[in-house]
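Trainee: Questions regarding the structure given below will be posed in turn.
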Amino acid sequence: MSNNPIIVFEGIETSGKSTSLKKAIKYLKKNKIKHISFREPGGTNLSEKLRQLMLNKKSKLNNKTDLFLLMASRSENFDKILKENYKKKVILIDRFIDSTLAYQHYGMGLDKNLILRMNNFILGNFKPNFTFLSVVDKKNMLKRLKSRKNNNKYDNFNYNFYNKVQKGFLKIALKNRSRYLILDSNKDSLKIIENKLIKKIKKILK
């Protein structure tokens, strides 16, 4: 695998995705490994503004508009972050291609082939090297959502939606076992998850 791989962190809300990303960043900093991280939607200055439009709790944007804003954000990130740092630094991404399929296709029912064509138009053959997928059950998810102080539009769907999205993630992961590691926040402690994460990152960077 590349000395400077692209590593993606995926998962539904409260699954532990962002915590795993923070642990990975901490490890890379500690070992003085050059890296860069960004989130989707978000990333560049323009992409962060698009994120605000998408995630605003008062947003009335329809699902198709969300998809186009997300792809606009990705296009900017590809041009201004990914291409500039590719093979120069380890690239960590909080959500990427698979999130779009999981949320916009499996969750919202938008056309899968359209999403794939849009990704191909923006990214070409550019793909992540490895993906960490965090999963959570209904009980823990609802409990964690209630404790959140700052919610956005994507924190306010019903559980049926999140269930479809997570099943979509798992379907993608099972088709790509060699480049996926599933981190189960239901049965494993934060320390066990961190150990699994760091062990895999060390292997990826060899």
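Rule-based calculations on the coordinates, nothing more; no lab input. Only a predicted model underlies this, so the values are computations on that prediction, with no experimental measurement involved. Backbone-built Cβ (ideal geometry, glycine too); neighbour counts: all protein chains shown.
Trainee: Suppose R0 equals 25 Å. What FRET efficiency, 1/(1 + (r/R0)^6) with r the Cβ-Cβ distance, do Asn125 and Leu53 give to the nearest 0.05?
Mentor: With a Förster radius of 25 Å, E is 0.25.
Trainee: A further question on this structure: Compute the FRET efficiency between Ile25 and Lys64 as 1/(1 + (r/R0)^6), taking r as their Cβ-Cβ distance and R0 = 45 Å, and round to the nearest 0.05.
Mentor: Efficiency at R0 = 45 Å is approximately 0.85.
Trainee: For segment 88-142, rounded, prolate or oblate, judged on the Cα gyration tensor with a ≥ b ≥ c (square roots of eigenvalues), a/c < 1.5 rounded, else prolate if a/b > b/c?
Mentor: Verdict is oblate for segment 88-142.
Trainee: Is the shape of segment 11-94 best called rounded, prolate or oblate, per the rule: a/c under 1.5 gives rounded, else a/b larger than b/c gives prolate, else oblate, with a ≥ b ≥ c the square roots of the Cα gyration tensor eigenvalues?
Mentor: It is oblate, given that a/c is not under 1.5 and a/b is not larger than b/c.
Trainee: I need the fraction of alpha carbon pairs in the chain separated by more than 32 Å, rounded to a whole percent.
Mentor: It works out to 12 percent of all Cα pairs.
Trainee: If you find the alpha carbon centre of segment 2-79 and of segment 112-189, how far apart are they in angstrom?
Mentor: 13 Å
Trainee: Also, I was wondering about something else. Working out 0.36 nm times the residue gap between Ile192 and Lys32, then minus their Cα-Cα distance, what length gain in nm do you get to one decimal?
Mentor: Result: 55.3 nm gained on full extension.
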